[in-house]
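Novice: First the structure, which I've put down as structure tokens, then a few questions once you've had a look.
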Amino acid sequence: MTNFLLSLIIIQNAVFYMKQKPILIIGAGPAGLTVAYELSKKIESPIVVVENSPSVGGLSQNIYFKDKIIDIGGHRFYTGYKRVIQFWNEIYPFELKKENNSKFLIKKREVAILFNQKMFDYPIRLQVSLLWKLGFYNFLNIIRDYLKERFKKKKEITNLEEILISRFGKKLYELFFKEYTLKVWGIPSNKIKPEWADQRIDPISIRSILLNSLKNFSRKKTAYTLSALEEGETFLYPKLGPGAFWEEVHRRVSDSNTKFMYNHSISEIQVENNEIKKIIIINNKTMEKKEYSPEFVFSSIPIKDLFNYFPKKTSEENLFKIAAHLQYRDYVIVPFLVKKFSLPVKKPYNYEWVYINTPEVKLARLQIFDNWSPFLNKEKDLNWIGVEYFCNEGDLFWNKPDKEIIKNAINELKKINILTEQDVVDSTIIRKTKAYPVYSGSFIDLDKIHSYLNNIKNLYPIGRNGMHRYLNLDQVVLTAISSVEMALSGKTVKDSLWKIGDPS
Ligand SMILES: Cc1cc2nc3c(=O)[nH]c(=O)nc-3n(C[C@H](O)[C@H](O)[C@H](O)COP(=O)(O)OP(=O)(O)OC[C@H]3O[C@@H](n4cnc5c(N)ncnc54)[C@H](O)[C@@H]3O)c2cc1C
């Protein structure tokens, strides 16, 4: 009897899948999961999510190491989009005005720069301490160079270095941006397109530094407000790490009509008359293939990879070249469980992370996981921190054995007086490819890729690498929500999707 019922259910499912065309989502990171969640609320078509790793959450996933949680990069949840706040609130209800029992912690951003064995608040503020930390001569040069930029005739800006110098002045740029940008991107800032700064660098100026200092001087302790969340000064942080939030989204969609195919990838995409007619999916382990004729496809995978699945036509050779030359920056984090660590500043250290702005070491940032959430590390007498490196997949650093990278990280921490090997209790290492889409290489021709992808009626590119844009979680979520709305309302003009995240 049970067997009979079971086969009945299987047949019913099979008939259902045959009757309706499935919707395919490629990638189960924040973008793909948001699409799955939004679709599952609105329609009953079968949804298939193809994910080439064994887990969900993409760059924003939790990595579990023994009983500890690693957040790749430290993820602040902040936004100015009401629609995104509504989405976060649906998953983890929260009350901004009060600390309550929500699964989100309400955090204040506390970041510093370690430079020349001194700590500087980030964003930099014009305070007396800045004068004695940098010296009178440097301080004067900062003001002089800044004023010079203000009175200079404006010329067309063609790279990141020019934009930074024009905003901050040469001296401030040289002290705080030049080396760090090189560490993060691996190329000098004059080789990076200025669009990145438009999206990412707060347009702080000496004027706003001054205003900030005045505000700080007179500021009473303010309640958390929506505008603070918008600026990122205050942010939400899932108590159990960002990945726990995405695991919850996944749990909600798993109840519905959605099938997750882990360790699967795409083998081929067939396009006819500007429409995806067929997608062939491959099991990474068994190499078994399955065919789908999707109604819509939402792709959050790197554009460079997506193009590998399209049939190559000689008429589109140039386009394939552009996609093949898109560049990415890869990422390594070395988490350490330590007895103690020190920074050249009075305790307690409340920073969530510290930028390491010294050229003597390759490490770029220090994460203090305990300050993101005390729930990431249960061992209260030990500290849980992470050392971040930016590199390129396959370069000398990336290819080093794990043990060597860990040893190197300890040596570097020792060099800048943060800890010694005797302080280290445990450690691990995580590598992430394509953590950042780079705004150089063939980025300049990206609009040609946009037009090509826009023309495929039932394809919606979404998310960070899916659009090759340096998008944060909120913007990624918005690309997902907006593309679902577009697809379901039959809109095929997708230009507005590519504008999400542009400065307003
Ligand atoms: C160091 C660091 C710090 C960050 N800090 C913040 C922050 O503080 N605040 C913030 O808002 N954002 C932050 N971000 C950005 C945030 O992580 C991303 O915006 C977000 O994770 C992108 O989501 P996504 O779904 O577009 O892409 P991803 O997270 O990259 O997900 C894509 C998914 O597709 C899968 N995939 C790839 N190729 C294939 C394929 N061929 N077939 C099937 N599946 C495939 C991947 O395994 C992955 O699961 C940070 C990012 C990094 C790297």
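Novice: By a straight-distance test (C-alpha under 17 Å), which lysines pair with residue 494 as possible cross-link partners, with residues fewer than eight away in the same chain excluded?
Specialist: List returned: 448, 457.
Novice: Of 118/148; 183/239; 133/170; 68/432, which sit over 21 Å apart, Cα to Cα?
Specialist: 118/148; 183/239
Novice: Next question, about the same structure. Can you pick out the pairs among 285/313; 278/312; 66/403; 153/191 whose Cα atoms lie more than 20 Å from each other?
Specialist: 285/313; 153/191
Novice: Treating cross-link reach as a plain straight distance, find the aspartates and glutamates whose alpha-carbon is under 18 Å from the alpha-carbon of residue 277, omitting any fewer than eight places away in the same chain.
Specialist: 268, 291, 295
Novice: Please order 312, 380 by the number of other Cβ within 10 Å, starting at the fewest.
Specialist: Ascending Cβ contact count within 10 Å gives the list 380, 312.
Novice: Please report the antiparallel percentage of the DSSP beta bridges confined to the chain, to the nearest 5.
Specialist: Among the beta bridges of the chain, antiparallel pairing accounts for roughly 75 percent.
Novice: Mind listing the long-range amide H neighbours of residue 299? Cut-off is under 5 Å, sequence gap 5 or more, other chains count too, H placed in the peptide plane at 1.01 Å from N.
Specialist: 26, 460, 462
Novice: Oh, and also: Mind checking which aspartates and glutamates have their C-alpha under 14 Å from residue 152, skipping anything on the same chain fewer than 8 residues away?
Specialist: By straight Cα distance, residue 152 reaches 162.
Novice: Any idea what angle helix 82-91 forms with the longest principal axis of the chain, computed on alpha-carbon atoms, 0 to 90 degrees, nearest 10?
Specialist: Helix 82-91 sits roughly 70 degrees off the main axis of the chain.
Novice: Give me, ordered by chain and number, the residues 5 or more places off residue 267 or on other chains with an amide H under 5 Å from its own placed amide H.
Specialist: Those qualifying (amide H under 5 Å, at least 5 residues apart or on another chain) are 280, 281, 282.
Novice: Then there is this: Between residue 81 and residue 470, what is the label-to-label distance in nm when each label sits 7 Å out along the Cα-to-Cβ direction?
Specialist: It is 1.9 nm.
Novice: Could I ask something else about it? Go through region 419-433 residue by residue and turn each phi into a ³J(HN,Hα) via Karplus (6.51, -1.76, 1.60, θ = phi - 60°); whole Hz please, and just put x for glycine and proline.
Specialist: 7, 10, 4, 5, 7, 7, 9, 7, 7, 8, 8, 10, 10, 10, 7
Novice: For region 327-437, what class follows from the C-alpha gyration tensor (a ≥ b ≥ c being the square roots of its eigenvalues): rounded when a/c is under 1.5, otherwise prolate if a/b is larger than b/c, else oblate?
Specialist: prolate
Novice: Just subtract the alpha-carbon distance of residue 342 and residue 421 from 0.36 nm times their residue separation and send over the number in nm, one decimal.
Specialist: Full-extension gain reported as 27.1 nm.
Novice: With everything on Cα atoms, drop me the angle between helix 242-254 and the longest principal axis of the chain, reported from 0 to 90° to the nearest 10.
Specialist: Its long axis makes an angle of about 10 degrees.
Novice: Also, I was wondering about something else. How much FRET efficiency would the formula 1/(1 + (r/R0)^6) give for residue 404 and residue 254, where r is the Cβ-Cβ distance and R0 is 45 Å, rounded to 0.05?
Specialist: 0.65
No value in this document is a laboratory result; all are computed from the given coordinates. In this text, all values refer to a predicted model and were calculated from it rather than measured experimentally. No Cβ is skipped: glycine too gets one built from the backbone with ideal geometry, and neighbour counts run over all protein chains shown.
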